[in-house]
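Following: one structure in structure tokens, then a few remarks.
The values are calculated or read from the model by the stated rules, or taken from the named source; none is laboratory data. Note that the coordinates shown come from a computational prediction; the quantities given were computed from them, not determined experimentally. Counting neighbours? That spans all protein chains shown, and the Cβs are built from the backbone with ideal geometry, glycine included.
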């Protein structure tokens, strides 16, 4: 008989995979953001279905308690997600700064052109003696 914690782990992993796929399908999540969540869901599913692989891999890397390996891998996945979001945020901030500078230059150019266009019109409206 399968222990309740193993069934709970399998259900949680399947739920994570389902939610990630559904968010991708509805275009609420982009592929590059879903990769790490999909990897985490697959690893959780493998660990839930085959708990021996978790014990084997914990022993392989020298971790005595297999649940500590789960915590370590979870933190590593979350770190990668944060790192990816930080890199994208930096890129977006740079693009926003560039767009603000271009907008300010275009606004200055429009004001200069409007000033140049209004000068000849003001000179034409003055009566000649």
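For the condition part of a helix (DSSP H, G or I), modelled with pLDDT under 95 and either more than 21 Å from the chain's Cα centre (by Cα) or under 30 Å from residue 41 (Cβ atoms) (or both), what is the one hit in 104, 76?
Working: 104 fails: modelled with pLDDT under 95.
Residue meeting the stated conditions: 76.
Out of all the residues in the range 1-39, which are within 20 Å of residue 74 (Cβ to Cβ) and not in a helix (DSSP H, G or I)?
Listed by number, the list holds a single entry, 29.
Scan the range 22-33 for residues that are surrounded by 11 or more Cβ atoms within 10 Å (Cβ to Cβ) and in contact (Cβ under 8 Å) with a residue 12 or more places away in the chain and jot them down.
Selection gives 33 alone.
Taking the range 52-79, which residues are within 21 Å of residue 18 (Cα to Cα) and either surrounded by 13 or more Cβ atoms within 10 Å (Cβ to Cβ) or in contact with a strand residue (DSSP E or B) (Cβ under 6 Å, 6 or more places away or on another chain) (or both)?
To start, the set of residues in the range 52-79 that are within 21 Å of residue 18 (Cα to Cα) comprises 70, 73-74, 77-78.
Across the range 52-79, the qualifying residues are 70, 73, 74, 77.
This table checks each residue for (1) over 17 Å from the mean Cα position of the chain (by Cα); (2) under 22 Å from residue 81 (Cα atoms); (3) at pLDDT 90 or above.
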site	(1), (2), (3)
1	yes, no, no
11	yes, no, yes
15	yes, yes, yes
22	no, yes, yes
45	yes, yes, yes
49	yes, no, yes
53	yes, no, yes
59	yes, no, yes
